[in-house]
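We did not get these values from a lab; they are worked out from the coordinates using the rules stated. Computed from a prediction, not measured in an experiment: that's the story for all the values here. When we count neighbours, we look across all protein chains shown, and the Cβ atoms used for this are built from the backbone with ideal geometry, even at glycine.
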Amino acid sequence: MQKTLKALFPLILFLGMAAFLFRGLGMDPHKVPSPLIDKPAPQFHLPRLSDPARTLATADLAGQVSLLNVWATWCVSCRAEHPVLMRLARQERVRIYGLDYKDSRPEALDWLKAYGDPYRANAFDADGRVGIDWGVYGTPETFVIDKQGTIRYKHIGPISDRDAQEIILPWIQKLKAES
C-alpha cells in the first residue's frame, strides 16, 4: 500500500498543480483584485513632469474625486487609451492626474505635446518606486480616488470608451454624490 502511494504521489502532485494552473487560465487579468481598494492612497511626493521645481503629492488628490493614471511613452496601450483620457478631460467631470512611470522626462514632455495633455498635473516617477507602492505592475493603470483620498477602484489596462461610460464615469458620479 505504501509503495502504491509513493508511486502515485508525483501524479497527485501534478494533478493538483494542473488544477491550480487551469483555474488561473480562467481569470481576467483586468479584474485582478487590488489590496489597496478602500484604503488610503499610498503617500508620495514627486517632482512634476513639466516643472521639477514643483511637486505633486498624495494630498493634491484629496478634496475632490480624481483619477490617477499611470502611463509611459514606451507603453503602446497608453497611446491607445490617450484619446479616451483627452475626452474625459474635456468633459471636466473629474480631475485627472498622471504618474509618468519609469520614463524619460524629455520624451514624456514631447509625447504630451504631440498627443495632448489631459492631466491637471503629472508626477514624474523615474525609478518606479511610487508605482510599486501603488501596486502597479504594468501600464496603463488608473485609480479612482474619492474625496477623502481613498482608492475606490483600480482599472488595469487601457480605458476604452466603453470602460469610461460603463465603469469610470459611474464611479465618479457615485463618489461625487457621497457626502
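Remarks
- Positions within region 109-135 being buried (at least 21 other Cβ atoms within 10 Å of the Cβ) and more than 17 Å from the chain's Cα centre (by Cα), in sequence order: W111
- Residue in region 157-176 that is under 12 Å from the mean Cα position of the chain (by Cα) and either assigned to a helix (DSSP H, G or I) or farther than 15 Å from Y97 by Cβ (or both) present: yes
- Each residue in region 64-107 was checked for being small (G, A, S), within 18 Å of T142 (Cα to Cα) and not in a strand (DSSP E or B), and 4 pass.
- Subset of region 96-136 (residues that are touching a helix residue (DSSP H, G or I) at 6+ places or on another chain (Cβ under 8 Å) and among the basic types (K, R)): K102
- Candidates in region 86-104 are the residues that are buried (at least 16 other Cβ atoms within 10 Å of the Cβ) and among the small types (G, A, S); of these, the one that is farthest from G135 (Cα to Cα) is A89.
- Any hit, region 111-133, residues being in contact (Cβ under 8 Å) with a residue 24 or more places away in the chain, part of a helix (DSSP H, G or I), in contact with a Lys or Arg (Cβ under 8 Å, 6 or more places away or on another chain) and not basic (K, R): yes
- Residue within region 67-85 that is surrounded by fewer than 15 Cβ atoms within 10 Å (Cβ to Cβ) and within 16 Å of Y153 (Cβ to Cβ) present: no
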